[in-house]
Amino acid sequence: MQLKSKACGAYGTNCYIVSIDGKEIIIDPGMDATEWVLHNVHHPVAILNTHGHFDHVWSNAALVEALHIPIYAPADDCFMLQDDPFIQGTPSSHADVAVVGDQSFVIEGINVAFMHFPGHTPGCSAILIENALFSGDFIFKNSIGRYDFPYSSSDQMRQSLEKFLLIDADWEIFPGHGESTTLKVEQKNVPYWFSFL
């Protein structure tokens, strides 16, 4: 697996391109991501959204128009792709595959697993490809996603963090903002956040 990333737009949202066997998966193409993605893909097969916030889905529409590939997004966040609930002027896009809960797919021979961690948004998910977990805005290096936005839930965030603590694996984490980290490091950090929830 080869990985490219770029912090895009005013919020520095990490867009990722995952390449396996000459095929590419695009994760969270946010604001100002289109040109960079088009310059760096040769055989793209899908766009994956970790959640529906505008800074993670902004370039969906332009990339679908240019590349004619499907969008996979959490079912509970699909309304955000279409309806621009935060009134940011987000170009409307449509999920070809609405992912329900924890669900796995084989996309052009690439194994992809969505792991549902609601709290930041109703559909907030992390995406596992090989030993890389693309955590969106659920887990960051030394931090967790905000749960005080519209459609967020502190109760769901607590449940998601409890679920996260049960994972027994050695994964690298690539978050929606900031630097990469590891599962084991962030599992040690998680108990600190329970006092705020």
| task | Please give the contour-minus-distance gain from ILE167 to VAL185: 0.36 nm per residue of separation, less the Cα-Cα distance, rounded to one decimal in nm. | result | 5.2 nm
| query | Given a cut-off of under 8 Å on Cα pairs at least six residues apart, what relative contact order in percent is computed for the range 52-115? | reply | 31
| said: Tell me the net charge near ASP168. Cut-off is 15 Å between Cβ atoms, ASP168 excluded, with +1 for each Lys or Arg and -1 for each Asp or Glu. | reply: 0
| message | Rounded to the nearest 5, what % of DSSP beta bridges with both residues in the chain are antiparallel? | response | 70
| Using a 1.4 angstrom probe and counting only protein chains, how large is the accessible area of GLU65 in Å², to 10? | 140
| request: Would you work out if the range 130-179 is rounded, prolate or oblate? Take a ≥ b ≥ c from the square roots of the eigenvalues of the alpha-carbon gyration tensor; rounded if a/c is under 1.5, else prolate when a/b is larger than b/c, oblate otherwise. | output: oblate
| Can you flag which of LYS6/LYS141; LYS163/LYS184; LYS4/LYS163; LYS4/LYS188; LYS6/LYS188; LYS6/LYS184 are past 22 Å Cα-Cα? | LYS4/LYS163; LYS4/LYS188; LYS6/LYS188; LYS6/LYS184
| task | Name the shape class, rounded, prolate or oblate, that the alpha-carbon gyration tensor gives for the range 35-124, where a ≥ b ≥ c are the square roots of its eigenvalues, rounded holds for a/c under 1.5, and otherwise prolate holds if a/b is larger than b/c and oblate otherwise. | result | oblate
| query | Setting aside same-chain residues fewer than 8 positions from LYS23, which aspartates and glutamates have a Cα under 17 Å from its Cα? | reply | GLU108, GLU130
| query | Tell me, how many Å apart are the Cα centres for the range 182-197 and for the range 1-31? | reply | 26
| said: Sort SER143, SER104 by heavy-atom solvent-accessible area, probe 1.4 angstrom, most to least. | reply: SER104, SER143
| Charge tally in the Cβ shell below 14 Å around HIS116, where Lys, Arg are +1 and Asp, Glu are -1, HIS116 excluded | -4
| Structure-derived Rg and Dmax of the Cα atoms in Å - corresponding label in (i) 15.4, 46; (ii) 16.1, 51; (iii) 17.1, 50 | (i)
| task | On the full set of protein chains, 1.4 Å probe, figure out the accessible area of HIS43 and give it in Å² to the nearest 10. | result | 90
| message | If I ignore ligands, DNA and RNA and count only protein heavy atoms, how much of LEU3 is accessible to a 1.4 Å probe, in Å² to the nearest 10? | response | 60
| the range 78-197, relative contact order in percent, only Cα pairs under 8 angstrom and at least six apart counted | 19
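The values are calculated or read from the model by the stated rules, or taken from the named source; none is laboratory data. As the structure is a computational prediction, the values presented were derived from the model and not from experiment. FYI the Cβ positions are ideal-geometry reconstructions off the backbone, even for glycines, and counts take in every protein chain you see. With ligands, DNA and RNA removed, areas are computed over all heavy atoms of the protein, side chains included. Shrake-Rupley method; radii C 1.70, N 1.55, O 1.52, S 1.80 Å.
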